[in-house]
Amino acid sequence: MPRYGMVIDITKCNGCHNCFLACRDEHCGNDFLPYSASQPNTGHFWMRITEKERGKYPKVKVAYTPVPCMHCEDALCLKAARDGAIYKRPDGIVIIDPKKSEGQKRLVSTCPYRVIYWNEEKQIPQKCTFCAHLLDKGWKEPRCAEVCPTGALAFGDLDNPNSEAAKRMASGKSEVLHPEYGMREKVSYIGIPKRFIAGAVVFGDTDACGEGAKVMLEGDGEKREVKADNYGDFEFEGLSADKTYTVRVEQAGYKAHKTEAKTKVDVYLGDMVLAKAKPASAKKK
Ligand code: SF4
Ligand code: SF4
């Protein structure tokens with residue numbers, strides 16, 4: 001028996017909303033009983049794309065995070081449901097029964113991820129089913145994962161080491177959005193936006209971009225090193241929040257430049273101008 005889950009690579013998501021639209025196309029106006037009743041035309045986001053603007057001018061980045069139901073092993077919604085209104089299938093998919101859940105509006109607020117929506121017309125709570133009706137017909141993935149043009153959504157059997165989802169998990173880079181909820185979510189993420197420190201290196205004597213300069217970062221128990229690109233730009237991603245880091249820039253023939261940055265927010269250091277070092281012979285005089 002598979003144990004279905006999804007590993008979403010946020011760094012690959014461009015916010016195109018194809019997954020959201022495919023979900024609409026599949027479920028709006030279509031009943032798939034006993035899996036799900038039709039989704040209303042407005043107001044539901046069974047695959048919701050959140051948008052987060054990071055940094056500030058001139059270094060602004062946007063991260064898109066697709067948020068479906070997490071199909072949790074220890075689902076709070078399931079614990080709160082009455083009369084078997086929510087159940088977990090042997091393959092791990094959490095389903096809201098469209099008949100048994102009738103009238104249980106309070107279930108909407110039992111999910112801390114806020115992915116349960118109330119259908120006013122039908123008087124039922126609804127959410128993503130991982131397109132269980134299709135999987136039971138032999139489909140390998142839900143509609144959202146099928147249409148994603150960038151491969152951001154990897155769906156599959158988390159216990160099958162050959163599935164892309166399991167491979168992403170094995171990379172050790174995936175994590176759940178809210179571990180503090182303690183629900184053992186089966187949807188996890190790569191590249192959850194954290195903090196970045198960025199800047200630009202400039203060679204002071206020529207005012208040229210500091211291409212190739214060595215930029216070193218140290219703090220919060222880690223050390224990293226990158227080379228400034230052909231615009232002199234550099235960036236360190238995935239840093240911890242509220243920590244102090246030291247950034248040091250070195251280039252042969254120039255004096256090193258060192259500064260400190262606190263990651264209360266994303267940080268743009270601006271231009272780090274390297275002054276020309278005095279030649280050794282000049283120093284002796
Ligand atoms: S994400 Fe929310 S709705 Fe989905 S299984 Fe977990 S608690 Fe239930
Ligand atoms: S289809 Fe893929 S790239 Fe487009 S919003 Fe959804 S997850 Fe992101």
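What follows is calculated from the coordinates using simple rules that are stated; it is not laboratory data. Bear in mind that the values here come from a model prediction, so they are computed numbers and not experimental data. Positions of Cβ are generated from backbone atoms using ideal geometry, with glycine treated the same way; all protein chains shown enter the neighbour counts.
Starting from residues that are basic (Lys, Arg) and within 15 Å of Pro68 (Cβ to Cβ), keep the ones in region 140-192 and report whichever is farthest from ligand 1 (Cβ to nearest atom).
Pass one, region 140-192, residues basic (Lys, Arg): 140, 143, 167-168, 173, 184, 186.
Right, trim to within 15 Å of Pro68 (Cβ to Cβ) and you get 143, 186.
On the way: Arg143: 18, Lys186: 8 Å.
Selected residue: Arg143.
Could you look through region 40-75, keep only residues that are without any contact (Cβ under 8 Å) to a residue 24 or more places away in the chain and outside any loop (DSSP other than H, G, I, E, B), and pick out the one that is farthest from ligand 2 (Cβ to nearest atom)?
Within region 40-75, the subset without any contact (Cβ under 8 Å) to a residue 24 or more places away in the chain is 41-42, 50, 53, 57, 60.
With the extra rule that they be outside any loop (DSSP other than H, G, I, E, B), the set shrinks to 50, 53, 60.
Numbers: Thr50: 11, Glu53: 16, Val60: 19 Å.
Among them, the one singled out is Val60.
Could you tell me whether any residue of region 219-234 is out of contact with any Leu (no Cβ under 6 Å at 6 or more places or on another chain), within 25 Å of Thr65 (Cα to Cα) and either crowded, with 16+ Cβ neighbours inside 10 Å or of a type in the set (Val, Ile, Thr) (or both)? Outline the logic, then answer.
Just the residues of region 219-234 that are out of contact with any Leu (no Cβ under 6 Å at 6 or more places or on another chain), to begin with: 219-223, 225-234.
In the following step, the residues that additionally are within 25 Å of Thr65 (Cα to Cα) were identified as 234.
Then keep just the ones that are either crowded, with 16+ Cβ neighbours inside 10 Å or of a type in the set (Val, Ile, Thr) (or both); that gives 234.
Yes, region 219-234 contains at least one residue that is out of contact with any Leu (no Cβ under 6 Å at 6 or more places or on another chain), within 25 Å of Thr65 (Cα to Cα) and either crowded, with 16+ Cβ neighbours inside 10 Å or of a type in the set (Val, Ile, Thr) (or both).
Out of region 1-35, which residues are under 26 Å from Asp159 (Cα atoms), away from ligand 2 (no atom under 12 Å from the Cβ) and of a type outside the set (A, V, I, L, M, F, W, C)?
Pro2, Arg3, Tyr4, Gly5, Tyr35
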